[in-house]
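Scroll down for the structure; my scribbles are underneath it.
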Amino acid sequence: MVVAERQPTGRTTLILRQAEPGDRKAVHDICVETATQRDLDDVDLIGYIFADPYFVLAPELCFVIEDSDGVAGFTVGAVDTVDFYRRWREEYTPLFADRYPKPTQETSRYESLVLSLHNPERFLPAAAADYPSHLHINLDARARRQGWGTKLLAALFDVQRAAGSPGVHLTTSQSNTRAIAFYHTLGFEILEQPGDGTVMGLRFDGSGRMEASPSRS
């Protein structure tokens, strides 16, 4: 276990720890339930793309917070995104190829997600060479605005930095101004804005910082 930190909330105690295989379903469910776009016939596809691959391919970069009610939030990521997506196509996509055949066109959110399941390099930003690591993070409502977002990311960044990564990137929606403001407080900078997305990056060489106020995470 890499991290074990306890902090009391109003009614229970939250624990931050490295994820275990048994946490996969809870992380999948949180990923689906907190998604901003859930207008899909098969919402589980969201979890299959933004949560489950990390348990299969990079379990050492999966962290959760939990209380007596179960997992309340998570962060996952990769050290080398290019290599991670290569392994995704070779080892992870085949697990779902029959259930989600590759579409011949992209005219809906569903088709876009299925295409990403088959070709995750679609997520790779132009700035990936300087920010080769990436992350995803989601918190249940009961764990928000208490500093847990910052603590989860600090645990993930420690592993990515120790593995020699010079920087990390993430993608969020341009309309998610609260998340963008939060990442700015951590030292992230906007790198590009493709379509309606915003790609942000943080350097691990001292040019960025981890100084977010717990009340905003």
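Per residue, how much accessible area does the chain have with a 1.4 Å probe, in Å²?
For the chain, the solvent-accessible area averages 47 Å² per residue.
Considering only the other residues whose Cβ falls under 13 Å of the Cβ of His169, what net charge follows from Lys and Arg at +1 and Asp and Glu at -1?
Spelling it out: positives minus negatives among the neighbours equals -3.
Which of Ala181, Val27, Tyr131 sits farthest toward the positive end of the charge dipole of the chain, with +1 on the Cβ of Lys and Arg and -1 on the Cβ of Asp and Glu?
Selected residue: Ala181.
Could you tell me the center-to-center distance, by alpha carbons, between the stretch 7-85 and the stretch 89-137 in angstrom?
18
Once every DSSP H run of n ≥ 4 in the chain is given -39500 (n - 2.57) and the sum is divided by its residues, what mean residue ellipticity at 222 nm do you get, rounded to the nearest 500 deg cm²/dmol?
Taken over the chain, the calculation gives -8500 deg cm²/dmol.
Report the FRET efficiency, 1/(1 + (r/R0)^6), for Thr185 and Ser108, where r is their Cβ-Cβ distance and R0 is 45 Å, rounded to 0.05.
0.80
Using 14 Å as the cut-off for backbone N distance, which residues of the stretch 139-170 belong to the label zone defined by a point 7 Å from the Cα of Asp69 along Cα→Cβ?
139-145
If I take every Cα pair under 8 Å that is 6 or more residues apart in the chain, average their sequence separation and divide by the length, what percent do I get for the relative contact order?
18
Put Thr36, Thr81, Thr13 in order of accessible area, largest first, 1.4 Å probe: what do you get?
Listed by decreasing accessible area, they come as Thr36, Thr13, Thr81.
Ignoring ligands, DNA and RNA, how do Val168, Val82 rank by accessible area with a 1.4 Å probe, largest first?
In descending accessible area the options line up as Val82, Val168.
Counting Lys +1, Arg +1, Asp -1, Glu -1, what net charge surrounds Leu191 among other residues with beta carbon under 12 Å of its beta carbon?
Combined, the nearby Lys, Arg, Asp and Glu give -2.
Sort Ser112, Ser175 by heavy-atom solvent-accessible area, probe 1.4 angstrom, most to least.
Ser175, Ser112
Can you work out ³J(HN,Hα) from phi for every residue in the stretch 83-89, in order, using Karplus 6.51 cos²θ - 1.76 cosθ + 1.60 and θ = phi - 60°, giving whole Hz and x for Gly and Pro?
Karplus values, whole Hz, x for Gly and Pro: 5, 4, 5, 5, 5, 3, 4.
Which three extents, in whole angstrom, do the alpha-carbon atoms of the chain cover along their principal axes, largest first?
Principal-axis extents of the chain (Cα, largest first): 50, 39, 32 Å.
Over the stretch 41-99, what percent of the accessible surface lies on carbon and sulfur atoms, probe 1.4 Å?
That fraction is 45 percent.
Work through the residues other than Ser112 whose Cβ is under 11 Å from its Cβ and net out their charges, Lys, Arg +1 and Asp, Glu -1.
That sum, taken over residues with Cβ under 11 Å, equals 0.
Amide H neighbours of Asn176 under 5 Å, counting only residues 5+ apart in sequence or on other chains, H built in-plane at 1.01 Å?
So Asn176 has HN proximity to no qualifying residue.
Which of the three applies to the stretch 77-133, rounded, prolate or oblate, going by the alpha-carbon gyration tensor with a ≥ b ≥ c and a/c under 1.5 meaning rounded?
Since a/c reaches 1.5 but b/c is at least a/b, the shape of the stretch 77-133 is classed as oblate.
The values are calculated or read from the model by the stated rules, or taken from the named source; none is laboratory data. If you're wondering where the values come from, they're calculated on a predicted model, not measured in any experiment. Please note: Cβ atoms are built from the backbone with ideal geometry, for glycine as well, and neighbour counts cover all protein chains shown. We work out accessible area using only protein heavy atoms, side chains counted, and drop any ligands, DNA or RNA first. Shrake-Rupley method; radii C 1.70, N 1.55, O 1.52, S 1.80 Å.
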